[in-house]
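I have placed the structure first, in the form of structure tokens, so that the comments after it can refer back to it.
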């Protein structure tokens, strides 16, 4: 069990990020969905004592989710960087596999940070500034591939013309602009 | 990305990764590689499934290609 945090310690004591792989944070995200008491128990403090560190439950959940999601970004980047820079498709595939593996091993964080509609979890609206929200590990590879001319439509697709910014807005627009 | 939409990207990815359209979408469909753009993927797959005339069968690459082409043509025409 983690040592009990002292009042003057930082919020990182709550995230478990010092344990490296985000698994403890993932468990705590699930625990908070059940009760603050559960997360307090894992830290050997009472649920009300959590408010010595965070103004409200949403602030705690936000810290937990962002911390875990940052570990997600780091996992993707580590997988990507295990392959040489010139192997763009290999780097992208490695990132995709890391994405999947991370999602499977961190289901609560994955659900709360990417799907954001998790049964039984009342999640706050999160300000993602400074986090790995846009998956730079994967998008960066695609960016390089596009600059290198390695992204092109396969035979049999319509030939797309460059569309001005904002064209095609509406139902077909992705939720996440790349 | 420079002007590339997620919809366009889905058209580009199979050849970039050296996969057939069928293999790429099968892996996406089966959740082997959960990708970024859930709504786009869901829309494309659902339309392709409907095109396939079944609520369960995996659409073929050709059916997905047809749906993607139609969607992209509509997006470009807006």
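Arranged from fewest to most other beta-carbon atoms within 10 Å of their beta carbon, A:71, A:42, B:15 become A:42, B:15, A:71. Taking other Cβ atoms within 10 Å as a rough exposure proxy, A:109, A:62, B:60 sort from fewest to most as B:60, A:62, A:109.
If you count, for every residue in A:142-149, the Cβ atoms of partner chains within 10 Å of its Cβ, what is the mean?
Details: counts 6, 3, 0, 4, 7, 1, 0, 0.
Rounded to a whole number, the mean comes out at 3.
None of the figures in this text is laboratory data; all of them are computed from the coordinates on show. What you are looking at is a predicted structure, and each value in this text was computed from that prediction instead of being measured. Here the Cβ is made from the backbone with ideal geometry for all residues, glycine too, and neighbour counts use every protein chain on show.
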